[in-house]
Structures are given as C-alpha cells and as structure tokens.
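Participant: Would you mind keeping the following structure in view while I ask a few things?
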Amino acid sequence: MYERLGTSAKYVQSIRNVTPQVGIVLGSGLGAFIDCIDNACIIPYSDIPFFRNTTVEGHEGRLILGNTMGVEVAVLQGRLHAYEGLPMEEVVFPVRVLATLGIETLILTNAAGGINENFSPGTLVQIKDHINFMGKNPLIGPNINELGPRFPDMTHAYSPKLGALLHESAKEINLNLHEGVYAGVLGPTYETPAEVRMLKTLGADMVGMSTVPESIAANHLGLNVMGVSCITNMAAGISNTALKHEDIKQQALKIMSDFVELLKLTIYKIHQINK
C-alpha cells in the first residue's frame with residue numbers, strides 16, 4: 001500500500017509538480033466547485049496508477065490541481081463508496097494520495113439527508129462529529145506505520161479550530177450555517193423510517209453513505225479535517241417524499257453559490273493562519 005501511494009503521487013507530480021496545502025473531496029452534486037479553481041490541471045482518476053474510477057452519477061472521477069484565493073489545492077471531484085463493492089482501503093486511497101502529495105488540511109463535503117427537523121433542504125451544516133454505522137473501518141488489518149499509529153485518537157475527528165473558521169466565514173457572507181453530527185451508513189439503499197428514528201435517538205442530525213472512512217483515514221494520517229454537509233432532502237419518515245438520487249443532485253445545485261463562497265473564504269482563512 002505505501003509503495004502504491006508513492007507511485008500514484010509521483011505520477012501526479014509528473015503532471016504538475018506542486019505541493020497543495022488543502023485537499024477537498026466533493027460529494028454528490030457538488031462538483032461545480034471546480035469552476036472557481038484557477039490554473040486548473042485536470043487528471044482523470046483512470047490515468048492515475050492504482051486509482052479506481054467512480055461509478056456513481058454525480059461523481060466525475062477527476063483530480064483537479066490548481067489554486068483558489070491564492071491557495072494551492074487538490075480537489076477530488078467525486079469519491080468512491082464502500083457500497084460500490086470496494087474494500088475500504090480502495091475507498092480512502094485517494095485521500096491518502098492527497099496526504100502523500102503534502103496536504104495539511106482536508107475538507108470533506110457531502111450531500112446528506114436531514115434528520116434534525118430544524119434543517120431543511122438547502123441547509124449547509126458543519127460536521128462537528130460522526131457516528132460510524134457502516135460496520136467497516138479503513139484501518140482494519142495490519143497497521144501501515146508510515147501513515148500513522150495503530151490506535152489513532154478521534155476525539156477531534158473534525159477540527160474545532162477549522163469549524164470556528166467555517167462559522168466565521170459563514171457570518172461574513174451572511175449565511176446561516178448549522179452544525180450537527182453525521183451518521184455514516186453503508187447504503188446503497190436509503191434508510192427506512194425506523195432506521196432514521198434510531199439514528200435520531202442516538203444523536204445524529206444528518207445521514208449519508210460517505211465521509212466517515214475518509215475522516216478516519218485522514219485522522220490516522222494526522223491531517224486537520226473539516227466537514228460540510230449539504231442537506232439535499234429530509235430523511236425517510238421526517239418527510240413523506242420518496243427519495244431519488246436525481247432530486248438530490250438538483251437540490252445541491254441550488255445552493256452551489258453559497259457552498260462555493262463558504263469554501264473559498266474558509267480556504268483563504270486556513271492559508272492565512274498557516275502562513
């Protein structure tokens with residue numbers, strides 16, 4: 001695994017020899033963020049050694065190198081999921097490559113179903129913590145000591161410092177940013193109303209099928225992690241509307257302007273405090 005990471009990173013650097021400061025993973029319907037990337041270099045996942053290609057609609061499967069707000073970034077436009085039949089080490093491989101390229105901060109984004117009834121479709125939520133209901137963990141198996149410790153601490157799986165910067169940015173653009181706990185489930189079926197009631201009882205505010213493995217792998221690597229959920233629908237039982245992936249993508253597009261401005265300003269603030 002460690003050798004494969006090095007091979008992938010060397011290929012990317014052969015295309016553009018940069019050391020990105022911030023890595024970003026774009027969730028379902030959120031890929032339009034790449035329009036704000038200057039001097040963009042686009043590399044299809046299929047070109048990168050040991051990368052798997054994406055299979056889910058709304059996940060383009062491209063690595064974009066460039067800068068925004070003067071900050072060098074590496075953006076994963078689309079992610080891999082365990083429900084695609086992939087082992088967890090494949091799901092988190094792209095994030096590990098970003099770390100090998102040199103990122104210090106990872107921003108995870110996703111489209112999520114709202115459980116908290118104070119949310120509504122179009123709400124942006126800072127992920128303050130997560131609950132792993134996937135029944136899997138990307139660190140199972142022999143530990144790769146070059147990447148991190150056998151038992152990584154998850155007390156601050158999502159950096160409070162980065163969360164504060166995110167809220168500061170939201171205030172500056174007059175955006176009502178919420179915060180909540182993300183429940184990661186395996187999928188690919190949407191949750192039943194009974195499952196949503198269970199998740200709500202256990203403290204979850206939103207639910208989705210991603211993010212958790214990447215957060216675990218990133219914390220293992222010692223990265224600073226920030227998470228943002230776009231509430232694209234209310235979860236089953238909270239709303240009686242049937243859930244469709246097409247509707248989720250459309251809702252994500254409706255709030256793209258706020259999402260882009262929030263991330264751009266926060267990335268700039270991250271750069272400023274790290275100078």
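Participant: Checking Glu84 against (1) within 20 Å of the chain's Cα centre (by Cα); (2) farther than 20 Å from Leu108 by Cβ, only one condition comes out false. Which one?
Facilitator: Among (1) within 20 Å of the chain's Cα centre (by Cα); (2) farther than 20 Å from Leu108 by Cβ, the lone unmet condition for Glu84 is (2).
Participant: Additional query: Can you find a residue in segment 101-112 that is modelled with pLDDT of 95 or more, in contact with an Asp or Glu (Cβ under 6 Å, 6 or more places away or on another chain) and not hydroxyl-bearing (Ser, Thr, Tyr)?
Facilitator: yes
Participant: State which residue is surrounded by the most Cβ atoms within 10 Å (Cβ to Cβ) when the search covers only segment 110-133 and only residues that are within 16 Å of the chain's Cα centre (by Cα) and either in a loop (DSSP other than H, G, I, E, B) or of a type in the set (S, T, N, Q) (or both).
Facilitator: Taking the candidates together, the pick is Asn110.
Participant: On to the next question. Return the only residue of Gly163, Gly203, Gly222, Gly227 being modelled with pLDDT of 95 or more and in a strand (DSSP E or B).
Facilitator: Values: Gly163 fails: in a strand (DSSP E or B); Gly203 fails: in a strand (DSSP E or B); Gly222 fails: in a strand (DSSP E or B).
Only one candidate qualifies: Gly227.
Participant: In the set Leu86, Leu80, which member is in a loop (DSSP other than H, G, I, E, B), surrounded by fewer than 24 Cβ atoms within 10 Å (Cβ to Cβ), touching a residue at least 12 places away in the same chain (Cβ under 8 Å) and not basic (Lys, Arg)? Write out each step before concluding.
Facilitator: Details: Leu80 fails: surrounded by fewer than 24 Cβ atoms within 10 Å (Cβ to Cβ).
Every option except Leu86 fails the conditions.
Participant: Looking at the structure I just gave you, is Arg62 free of Cβ contacts under 8 Å to residues at least 40 places away in the same chain, under 26 Å from Gly222 (Cα atoms) and basic (Lys, Arg)?
Facilitator: Values: free of Cβ contacts under 8 Å to residues at least 40 places away in the same chain: yes; under 26 Å from Gly222 (Cα atoms): yes; basic (Lys, Arg): yes.
Taking the combined requirement at face value, the residue satisfies it.
Participant: Then there's this: Which residues, counting only those in segment 165-204, are β-branched (Val, Ile, Thr) and buried (at least 17 other Cβ atoms within 10 Å of the Cβ)? Talk me through it step by step, then tell me what you get.
Facilitator: Step one: list which residues in segment 165-204 are β-branched (Val, Ile, Thr), which gives 173, 181, 185, 189, 192, 196, 201.
Once the filter is applied, which keeps residues that are β-branched (Val, Ile, Thr) and buried (at least 17 other Cβ atoms within 10 Å of the Cβ), segment 165-204 yields Val181, Val185, Val196.
Participant: Looking only at segment 93-108, filter to residues that are crowded, with 23+ Cβ neighbours inside 10 Å and among the β-branched types (Val, Ile, Thr); which one of those is farthest from Cys36 (Cα to Cα)?
Facilitator: Residue satisfying both the conditions and the ranking: Val97.
Participant: Across segment 111-160, what is the number of residues that are free of Cβ contacts under 8 Å to residues at least 24 places away in the same chain and among the charged types (D, E, K, R)?
Facilitator: So the answer is 1.
The values are calculated or read from the model by the stated rules, or taken from the named source; none is laboratory data. All figures in this text were calculated on a predicted structure; none of them were measured in a lab. Cβ sites come from the backbone with ideal geometry, for glycine too, and all protein chains shown count toward neighbours.
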